[in-house]
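Remarks on the structure that follows.
The values are calculated or read from the model by the stated rules, or taken from the named source; none is laboratory data. Remember, predicted model here, so these are calculated numbers, not experimental data. Because the Cβ atoms are built from the backbone with ideal geometry, glycine has one as well, and the counts that use them run over all protein chains shown. These area figures cover heavy atoms from the full protein model, side chains too; ligands, DNA and RNA do not enter into them. Shrake-Rupley method; radii C 1.70, N 1.55, O 1.52, S 1.80 Å.
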Amino acid sequence: MLTKKTKYFEIKAFVDQNKKELIHSVKYKRKKIKSLTLNDALSKEYNERALLTSDLKRVLGWVDHLLKINLDASDNAVIVDSLFTSISITYYKCFAQTKNAIRKKVQLSKNDIEQSKYGKTDELLYDLRMKFVAHRGQTEFEYHKLIKVNAFGKFPSMVIPISAKAQKPDSDLVLNIKELVISLLLRVEDKNKLLLEKIESNNV
């Protein structure tokens, strides 16, 4: 159950698992009043933009958490691995190709990134996302090697496997990711604000 209070209204909403939709009610001074769910093209676009904003804020929240913990501490290894994987996957969800016309209009593209500042960070996140989600392969964050050890006759030669998965990012990379995500979030929120103003003017 979600409860939101504005200057005049109290709004409650929940997801109906049977109908697979968001059900809501609006009250003014504890009395239920009529409300209408907007379903025009601009409103649908705004809803998609709101979901995009939510994903970017989630990434930013995970990045902020990484910046608060000791990335080198072995006790934090699982947290760092999980958060860094989530960051790379969710970040590139915002760029995912789609056939949905409205979603396609909203999704981020390389044109939204200031390449001179953030291009390399974006490329690294893309590479990691592809490795984590779609492929296996050697990267600076994930590798596996076999080492043959020859002990000069003292004991038989041995083949020893070594591996590391999703090695920790350093603080510089995490800060770069934060700057990149903030720049995208500001751009998206500016568009959201203008779009909401347009929707409100059309429905007054």
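What shape does the stretch 1-69 take by its C-alpha gyration tensor, where a ≥ b ≥ c are the square roots of the eigenvalues and a/c under 1.5 counts as rounded, a/b above b/c as prolate, and the rest as oblate?
Prolate, because a/c is 1.5 or more and a/b exceeds b/c.
Compute the accessible area per residue over the chain, keeping the other protein chains in place, probe 1.4 Å, unit Å².
Here the residues of the chain average 71 Å² of exposed surface.
Which option, [x] 19.1, 71; [y] 21.5, 82; [z] 23.5, 89, is the value of Rg and Dmax of the Cα atoms in Å that was calculated from these coordinates?
Here the calculated entry is [z].
Given an 8 Å cut-off on Cα distances and at least 6 residues of separation, report the relative contact order of the chain as a percent.
So the answer I get is 20 percent.
I'd like to compare 177-184, 191-198: which one has the highest average count of other Cβ atoms within 10 Å, and what's the full order after that?
Averaged packing, sorted descending, gives the order 177-184, 191-198.
Percent of accessible area on the chain owned by carbon and sulfur, 1.4 Å probe?
For the chain, the apolar C and S fraction of the accessible surface comes to 53 percent.
How large is the charge dipole for the chain, taken about the Cα centre, if only the Cβ atoms of Lys, Arg (+1) and Asp, Glu (-1) carry charge, to the nearest 20 debye?
1120 debye
Please give the contour-minus-distance gain from Lys145 to Asp64: 0.36 nm per residue of separation, less the Cα-Cα distance, rounded to one decimal in nm.
Additional length available on full extension: 25.9 nm.
As a test of the formula, what do you get for the chain when each DSSP H run with n ≥ 4 contributes -39,500 (n - 2.57) and the sum is divided by the residue count, at 222 nm and rounded to the nearest 500 deg cm²/dmol?
Value at 222 nm, helices only: -16500 deg cm²/dmol.
What spacing in nm lies between the two simple spin-label points modelled at Tyr126 and Lys4, each 7 Å away from Cα in the Cβ direction?
Placing both labels 7 Å along Cα→Cβ, they lie 3.4 nm apart.
Using a 1.4 Å probe, how large is the accessible area of Met130, given in Å² and rounded to the nearest 10?
Approximately 40 Å² for this residue.
Using 7 Å Cα-to-Cβ label points, what is the Leu22/Ala41 separation (nm, one decimal)?
Between Leu22 and Ala41, the label points sit 2.2 nm apart.
Calculate the spin-label point distance for Ala77 paired with Ser171, positioning each point 7 Å from the Cα along the beta-carbon direction, and give it in nanometres.
If labels sit at Ser171 and Ala77, their model points lie 2.2 nm apart.
Sorting check: for 97-108, 28-39, 8-19, which peptide has the highest mean count of neighbouring beta carbons within 10 Å, and how do the rest follow?
On the way: 97-108: 13.7, 28-39: 8.8, 8-19: 10.9.
Sorting 97-108, 28-39, 8-19 by mean packing, highest first, produces 97-108, 8-19, 28-39.
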